[in-house]
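Down below is the structure, laid out as structure tokens.
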Amino acid sequence: MLNRLINQLLYIFKIRSQRLKSFGLLFVFSVGLSIAIASCTPSNSADAPAQKPQVSKLTVLKMGHQKGMALLNIIKAQGSLEKRLQPQGISVTWNEFSSTAPLLEGMGVGAIVFGGGGGTGSVFAQAGDKPFVRVAASTSSTRSSAILVLDNSPIKTLADLKGKKVAFAKGASSQYMIVRALEKVGLKYSDITPVFLTPAEALPAFERGDFDAWVIWDPYTAEAERKLPTRLLADNTTVFGDKAATESPAFYYAAPDFVRDYPDIVKIVLQEIEKAGVWSKNNYKDSAQLLSKLYKADIKTMEIVEERGGERKVLPVTGEVLAGLQRMADAFYELKVIPKKIDVSDPKYNWVYEKQS
């Protein structure tokens with residue numbers, strides 16, 4: 001069509017060129033030709049810059065939580081996030097998960113856009129090419145994970161775990177803890193029989209004696225210690241020493257699209273978590289009472305958990321934190337627990353959280 005129009009215009013120009021002696025008329029005709037050609041040029045030309053799609057307004061913030069991440073549960077119970085976002089017309093929904101692995105699975109299918117959990121789950125998720133971003137790190141208490149046995153168990157040391165059944169949640173921080181605990185005494189992961197159970201499944205099975213040792217985290221650790229005759233075989237400090245806070249870190253996670261489109265909302269969530277950390281550290285008994293209702297746990301159990309809760313800080317995802325996570329990822333790759341070697345410092349999976357001064 002464009003070629004036909006051009007040819008017709010050129011033919012008219014040729015026929016009438018002798019009559020168009022005036023420079024002005026020739027100029028007008030030339031401009032008309034240019035306009036005609038331009039009008040037939042497709043508007044989606046490859047040379048045209050692509051327009052950035054407009055981001056729709058966020059109306060619902062879908063949050064995920066689990067019992068191991070107390071600060072998320074505190075802001076849920078206090079409703080502080082809802083109050084902060086209400087002026088912007090944003091409501092908040094909450095979805096509970098048993099551990100980090102299913103939480104990140106839920107994030108991958110859009111069930112939530114923000115949550116928190118152990119770093120181990122992110123190693124499994126990254127190895128499986130799941131979509132998520134680490135937006136901040138969380139300090140750990142000495143009991144963020146612990147290895148328990150029943151009081152009458154013949155197991156006295158970590159070395160006695162050889163040949164025994166050890167229960168833990170697959171893809172949780174407890175899985176890495178048992179790997180490192182075995183290394184400390186010259187044992188391999190293959191020297192035990194793993195029993196993959198969620199915390200809720202494991203507590204009654206532990207009481208029945210279905211397995212020999214349980215790797216678990218607070219508040220389940222404190223709950224087991226109060227309800228059952230247990231003995232502590234090891235905890236975070238026993239296994240990781242002075243690197244306990246960074247060697248097996250917990251993280252706050254967000255969906256990639258959420259981080260890209262609503263970074264200011266991500267910062268608001270992290271700010272509310274920080275406030276909850278300061279409040280819970282300075283008011284651990286009030287925090288315990290609040291969490292006991294949410295967890296449906298007795299108040300004395302939660303007072304133990306909150307008293308030993310540590311600093312409860314929200315930290316940027318630094319090289320030091322990622323170094324510990326990389327050691328975890330390398331260990332799982334060598335054990336063939338994950339299918340490929342990964343680089344946890346890949347910018348695709350990490351976001352720089354700039355805290356307010």
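See the values below:
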| quantity | calculated |
| --- | --- |
| Fewest-first sequence of Asp261, Asp212 by Cβ atoms within 10 Å of each Cβ | Asp261, Asp212 |
| Nearest-20 debye value, segment 56-184 charge dipole, Cβ charges on Lys, Arg, Asp, Glu | 140 debye |
| Calculated from backbone phi, Karplus (6.51, -1.76, 1.60) coupling profile of segment 230-240 in Hz, x at Gly/Pro | 10, 9, 7, 8, 6, 9, 3, 5, 4, 7, 9 |
| Share of Cα-Cα pairs in segment 146-245 lying beyond 15 Å, as whole percent | 56 percent |
| Residue exposure sequence - Val135, Val337 - by fewest surrounding Cβ within 10 Å | Val337, Val135 |
| Only Lys, Arg (+1) and Asp, Glu (-1) charged, at Cβ; segment 172-305 dipole about Cα centre in debye | 240 debye |
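Every number in this text was worked out from the coordinates using simple rules, so none of it is lab data. This structure is a prediction, so every number in the text was calculated from the model and none was measured. Counting neighbours? That spans all protein chains shown, and the Cβs are built from the backbone with ideal geometry, glycine included.
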